[in-house]
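The values are calculated or read from the model by the stated rules, or taken from the named source; none is laboratory data. This one's a predicted model, so the numbers in the text were calculated from it and none came from an experiment. Please note: Cβ atoms are built from the backbone with ideal geometry, for glycine as well, and neighbour counts cover all protein chains shown.
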Amino acid sequence: MRTVRIGGQLSLNELLVEQFIDSFAEAPEEIILDFDGTDNAVHGNQAGRFFHGYYDCYCFLPLYVFCGDQLLVAYLRSSRTDASKHAGAILKLLVKRIRQSWPHTRIIWRADSRFYRDRILSWCDRNEVRYMVGAVSNGRLQQAGQQLQEQAKQLFELTGKKQRLFQDFEYTADSWRWLRFVIHKAEHSGQGANPRFVITNLEGDPAAYAMAVRNKESAHRCTALRQKIKSLLP
């Protein structure tokens with residue numbers, strides 16, 4: 001295994017990436033890079049701490065990157081920042097390093113709607129990186145998904161069981177330079193409608209629907225990591 005000098009935050013993340021690559025006997029056909037951010041509560045006067053309204057505490061807002069259960073990046077950020085800050089730069093660095101070792105591995109970037117930024121999606125399109133990124137619901141998306149959502153509701157009323165239906169369609173926002181595909185998950189249960197929309201360039205890939213369902217995996221990993229860190233504190 002390579003030895004990386006630990007001289008700061010960047011070197012630590014380099015070590016995590018090198019350990020990840022070295023854990024494979026041969027290049028994988030595909031990897032999914034899950035990006036997620038969560039709170040890291042603080043209880044002193046640390047530089048860079050701010051009160052975050054959503055988490056209702058003084059905290060930092062670290063960015064984590066997982067591939068499966070392996071942690072590749074733990075990047076500390078102030079909570080007084082956009083949730084997607086530096087995500088594009090970190091994705092570029094990861095893709096560059098991974099392709100040095102695995103030039104033919106398909107890389108998929110997966111994240112929730114906090115990371116939905118056209119500039120990052122456009123970079124992925126230009127550099128043959130696939131993505132599954134949550135989209136904030138709006139009137140146009142809801143209108144496009146209305147018929148399938150109604151079908152899910154009717155099936156739930158008929159069976160009494162949660163329904164989850166899928167469709168995909170082309171979509172563009174005013175700021176985009178080209179069309180993209182959206183996967184719509186029309187879900188209905190006893191709690192009512194729960195539509196979800198995911199922007200992707202995996203059109204025509206049967207596995208895309210399954211990946212859309214599992215796009216909360218990294219959030220669970222972040223929660224587990226945060227609980228582990230908390231258990232180690234005095």
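One table, with the values for the structure above:
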| read-out | value |
| --- | --- |
| Pick from region 71-84, criterion of a type outside the set (S, T, N, Q) and surrounded by 15 or more Cβ atoms within 10 Å (Cβ to Cβ), ranking: farthest from Met132 (Cα to Cα) | Arg77 |
| Subset of region 1-37 (residues that are in a strand (DSSP E or B), at pLDDT 95 or above and over 16 Å from Lys92 (Cα atoms)) | Glu30 |
| Within region 131-163, considering residues that are surrounded by fewer than 18 Cβ atoms within 10 Å (Cβ to Cβ) and among the hydroxyl-bearing types (Ser, Thr, Tyr), the one modelled with the highest pLDDT | Thr159 |
| Test for Val73: is it in contact (Cβ under 8 Å) with a residue 24 or more places away in the chain, touching a strand residue (DSSP E or B) at 6+ places or on another chain (Cβ under 6 Å), of a type outside the set (Lys, Arg) and more than 22 Å from Val198 (Cα to Cα) | yes |
| Residue check, Val129 in contact (Cβ under 8 Å) with a residue 40 or more places away in the chain and touching a Leu at 6+ places or on another chain (Cβ under 8 Å) | no |
| For Arg117: the one exception among (1) under 17 Å from the mean Cα position of the chain (by Cα); (2) without any contact (Cβ under 8 Å) to a residue 24 or more places away in the chain | (2) |
| Subset tally (residues that are surrounded by 14 or more Cβ atoms within 10 Å (Cβ to Cβ) and farther than 16 Å from Gln142 by Cβ) for region 167-188 | 2 |
| Which numbered condition Ala210 misses (of (1) of a type outside the set (Asp, Glu); (2) at pLDDT 90 or above; (3) part of a helix (DSSP H, G or I)) | (2) |
